[in-house]
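Down below is the structure, laid out as structure tokens.
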Amino acid sequence: MIGSAIVTAGAAALSDGRSGTIPNWITLPPLILAPLLYAATLGLEFGLQSLFSAFASGIAPYLMFRRQAMGGGDVKLFAALGALCGFDPVAGVRIQLVAFAVAMVAALTAKAWRGRLLSTLAGVVAMALNWVLPSRRRLRVSDELMSPIRMGSPILVATVTCSIPPLTRVWSI
């Protein structure tokens, strides 16, 4: 199923790069079929583990989606990757964390390239302080900090990166 996760993430990255969307036909089939295939081939326990992994991988992105901080296609992709990697219940969460780190590095690199890194970091500090400051004393944050980041490519990089250790264990046997 690792290969299926890489193919799914690759198709999503290609679609996200071209159109800015990740369509349902990429994310829903693996999300539905992976638990069923795990249950049919390895037993009910693995099917349930795949469902749990999909939930664990999708809950934080879903909460971000509800706050309009992430797109719905990204949420479904994270859940689908969790379901595909259901043999390891934390693999989807690991992919998610690596994807966020890759996206952060890419965004900060782009800001540095444009000469906007320091103002961006100052804005991040202001956003963090706004959590604890009373509403009348909150700092203004530039709208530039709220620009969207396409997550398809970072998710692909994270999926491939997180797939290397399991593949090397299989090949070393």
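Annotations
- Listed by first and then second residue, the pairs with beta-carbon distance under 6 Å, at least 6 apart or on different chains, first residue in segment 81-98 and aliphatic (A, V, I, L, M) and modelled with pLDDT under 95, second buried (at least 24 other Cβ atoms within 10 Å of the Cβ) and not in a helix (DSSP H, G or I), are 91/85.
- The lone exception for residue 45 - which of (1) over 20 Å from residue 157 (Cβ atoms); (2) surrounded by 18 or more Cβ atoms within 10 Å (Cβ to Cβ); (3) acidic (Asp, Glu) it fails: (2)
- Of the residues in segment 14-27, at least one is out of contact with any Leu (no Cβ under 8 Å at 6 or more places or on another chain), on the phi > 0 side of the Ramachandran plot, part of a loop (DSSP other than H, G, I, E, B) and touching a residue at least 24 places away in the same chain (Cβ under 8 Å).
- Helices (runs of 4 or more DSSP H) wholly inside segment 53-160 that include at least 3 residues being out of contact with any strand residue (DSSP E or B) (no Cβ under 9 Å at 6 or more places or on another chain) and within 27 Å of residue 36 (Cβ to Cβ): 72-84, 91-113
The values are calculated or read from the model by the stated rules, or taken from the named source; none is laboratory data. Not measured: the values here are computed from a predicted model. A quick note on method: Cβ atoms are made from the backbone with ideal geometry, for glycine too, and the neighbour counts reach across all protein chains shown.
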